[in-house]
Amino acid sequence: MVVIPCLKVPQRYAQMYRKYLLSQGVLDRKYCAQKHPDGTVTLPVIASFLAQLDLVALTKDVAQDSFCEIVDIQAPPLSKKEKFKSSYKRLLETAQSLLVSKGEKWSEDLERDIPSQWQCHGDLVLFSEGSFSNAIWKEIGSEFWTAVALTLGGKRIAQIKKISQDGYRTPTVTMLLGDSSYVTHIDNHIRYEFDVTKCMFSSGNITEKLRIASFDCSGETVVDLYAGIGYFTLPYLVHAKAAHVHACEWNPDAVKALQRNLQVNGVSDRCTVHPGDNSQLPLCDLSDRVNLGLIPSSEEGWPVACRLLKRDTGGMLHIHQNVTTPLHHEPLEHSSAIDVEKGSSMEESSLRIQRDMQAWTAWASETARRICTLLSDITGSKWKTNIKHIEHVKTYAPHISHVVLDLECKPL
């Protein structure tokens, strides 16, 4: 039985501890974190780094009113990434076996043509552009795709070629096995139904959907300026318990999927869908919270969001942005207090995180200043803004991060 060392922490601080361990290169990403009935979470750590962990200092750095301890966990479940690795090996074996049985020779080029990542929506497996590009897969045809589906536990296979520039980000998807492109995807007990050939679904935003689900929006009116099929609208309604959500979306196919998803999740009575351009939204002075979930930038929606906030009490803006960390960054603040030994991947990772956070903070500060000016111009009165939190959602490249700014806006 495999025994893995883990850091045991209170559940409410688990995400904070996880991010810290990740930044220090200590988190063992082969395994999943586990929740326990006593209200704690165990986070797998790399055994060779245990001696470097100062638990007292760790608690002080992450959350002073919390606790942590090292425990051994027997055979924690593999992470999604590790499961993919295992599935990838099986996929390679299936492809190689089938080709050899057809009298074809296996090569390194063919191996590189096999994707190591994909999305699963119910029984449909969706591969990305650039995989299975060799003509031999098409020559084998349905026999090959049937074998791939069986290997990955699916029944249908599709491939996304590109995202169209029609203003709606409509995916160009080809069905390789099966006829129906309509899928069901379940995240955190929320059911999303949509057509993969007409609507996008970003699995990488799951951490932000979980974060929204943890909000207490009881009694609040929320506006989601870029609702899509309900990625964030539904967590606000189902889990955060918002009193009402105004969902704006201009892609007609996404609007249909959104309306369907509101019904199947039983929350359509608490949501008003506004099709079309959100800049023409005939609403103002009604929102406690505005979600601006558009990347690479939601800047075009800032004036609309400012107009929507309640004039007497203000509210919260959740502003999404892709932030680039400059390659030649200014020297780190307080860098003299960091004892860095070259070649230490753990400390290099920590420095990269600090540089990223400086870039995120600089962007957030400038955004807060501009939003404050917008609010004053729109309302004719003075406002103040306060950066409550900056959330890292995902990384697109070594220097590009998708972040969300939680910006509190209050009239003076």
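For the reader, a short list of remarks on this structure follows.
- Available extension along the chain between residue 410 and residue 16 is 139.1 nm, counting 0.36 nm per residue and deducting the alpha carbon span.
- Counted over all Cα-Cα pairs of the chain, pairs farther apart than 32 Å make up 47 percent.
- The HN-Hα couplings worked out from phi for the stretch 57-68 by the Karplus form 6.51 cos²θ - 1.76 cosθ + 1.60 (θ = phi - 60°) are 5, 4, 4, 5, 6, 9, 7, 5, 8, 10, 9, 7 Hz, whole numbers, x standing for Gly and Pro.
- Amide H to amide H distances under 5 Å link residue 28 with 45, 46, where only residues 5 or more positions off or on other chains count and H is placed in the peptide plane.
- A helix-only calculation puts the chain at -10000 deg cm²/dmol for mean residue ellipticity at 222 nm, using -39500 (n - 2.57) for each DSSP H run of at least four residues, averaged over all residues.
- Heavy-atom surface analysis with a 1.4 Å probe gives the chain a carbon and sulfur content of 51 percent of its accessible area.
- Based on Cα atoms of the stretch 85-180, Rg over Rh with Rh as the Kirkwood radius reads 0.98.
- Projected label distance in nm at residue 241 and residue 108, using a 7 Å step from Cα toward the beta-carbon: 5.9 nm
- Efficiency of FRET from Cβ geometry, residue 280 and residue 78, R₀ 56 Å, rounded to 0.05: 0.70
- Excluding ligands, DNA and RNA, the accessible surface per residue across the chain is 51 Å² with a 1.4 Å probe.
- Debye equation applied to the C-alpha atoms of the stretch 180-275, log10 I(q)/I(0) at 0.24 Å⁻¹: -1.33
- Between the stretch 1-78 and the stretch 172-200, the alpha-carbon center distance in angstrom: 35 Å
- Solvent accessible area, Å² - residue 215, 1.4 Å probe, full protein context: 40 Å²
- Computing Rg and the Kirkwood Rh from the Cα coordinates of the stretch 219-317 gives a ratio, Rg/Rh, of 0.94.
- Taking label points 7 Å from Cα along the Cα-to-Cβ direction, residue 175 and residue 32 give a separation of 3.1 nm.
- Directionally averaged projected area (the stretch 3-82, Cα convex hull): 5.0 nm².
- Rough spin-label spacing in nm, given labels placed 7 Å along Cα→Cβ, for residue 377 and residue 270: 3.6 nm
The values are calculated or read from the model by the stated rules, or taken from the named source; none is laboratory data. Quantities reported herein were computed from a predicted structural model and do not represent experimental measurements. We place every Cβ from the backbone using ideal geometry, glycine too, and count neighbours over all the protein chains shown. SASA here: full protein model, heavy atoms, side chains in, ligands and nucleic acids out. Shrake-Rupley method; radii C 1.70, N 1.55, O 1.52, S 1.80 Å.
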